[in-house]
Amino acid sequence: MMKYSMLLLLEVSICSVEVSAKEIHVSSVEELRAAIGNASAGDVIVVADGEYNLTEDIVVDKTGTKAHAITIRAEHTSRAEVTGDGGFRIVAPASHIIVSGFRFTHAASRARTESGTTFCRWTQNVFETPGKGDYLTIGGSDHEIDSNVFQNKNSLGKFIAVRGKGSQIAERLWIHHNY
């Protein structure tokens, strides 16, 4: 009987995680900020095609899990464009966040993960930001940067800048299959 009860409890726990995860569609900066603010493990935030002019950063401080990351993605790859003076700033204690499918043409050095973040992923994005500065800055550890396009850089700065806190640089990064 005890074995059956434990199995039932495990089954209920797994089902409740899957049931609580949701897909949220947004079509404005305000809706995007609200969706990120209310995000839970497993949620997928789908950003409609269009141009999103940010006057300040969109801060992501949520935590997903290895099995249930929080995904922020463009509805169609490269058709949700982030412009202006702000970008996505992933801050501690954020973990297991996926940013996917955006076109970043905002001010340089505005897309970043800061020290204290872990297991975040930037994938299938296009980075083409004007002005001096870095296209993408990684300050936390255990992040993955893959399948992105970094293009048309004609000023000082790096495509991908790896930082850290104090003398400690970000560790265990997996940077692969970018163009």
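Listing for the model above:
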| read-out | value |
| --- | --- |
| Qualifying residues in the range 123-179 (those that are among the acidic types (Asp, Glu) and either surrounded by fewer than 18 Cβ atoms within 10 Å (Cβ to Cβ) or part of a strand (DSSP E or B) (or both)) - the one nearest to the chain's Cα centre (by Cα) | GLU144 |
| From ARG89, ARG110, ARG73, residue being touching a Phe, Trp or Tyr at 6+ places or on another chain (Cβ under 9 Å), assigned to a strand (DSSP E or B) and open to solvent by 40 Å² or more (accessible area, probe 1.4 Å) | ARG73 |
| GLY42 touching a His at 6+ places or on another chain (Cβ under 9 Å), in a loop (DSSP other than H, G, I, E, B) and either at pLDDT 95 or above or aromatic (Phe, Trp, Tyr) (or both) | yes |
| Residues that are at pLDDT 95 or above and on the phi > 0 side of the Ramachandran plot, drawn from the range 162-178 | ARG172, HIS177 |
| Pick from the range 52-70, criterion β-branched (Val, Ile, Thr) and open to solvent by less than 20 Å² (accessible area, probe 1.4 Å), ranking: nearest to LEU32 (Cα to Cα) | ILE58 |
| Yes/no for VAL99 being modelled with pLDDT of 95 or more, β-branched (Val, Ile, Thr) and open to solvent by less than 20 Å² (accessible area, probe 1.4 Å) | yes |
| Residues within the range 94-107 that are closer than 22 Å to ALA41 by Cβ and outside any loop (DSSP other than H, G, I, E, B), tallied | 6 |
| In the range 113-122, the residues that are part of a loop (DSSP other than H, G, I, E, B), surrounded by 19 or more Cβ atoms within 10 Å (Cβ to Cβ) and hydroxyl-bearing (Ser, Thr, Tyr) | THR117 |
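The values are calculated or read from the model by the stated rules, or taken from the named source; none is laboratory data. Being a predicted model, the structure only gives us computed values, none of them experimental. Using ideal geometry, Cβ is built from the backbone for each residue, glycine included, and neighbour counts are taken over all protein chains shown. These accessible areas exclude ligands, DNA and RNA; they are computed on the full protein's heavy atoms, side chains included. Shrake-Rupley method; radii C 1.70, N 1.55, O 1.52, S 1.80 Å.
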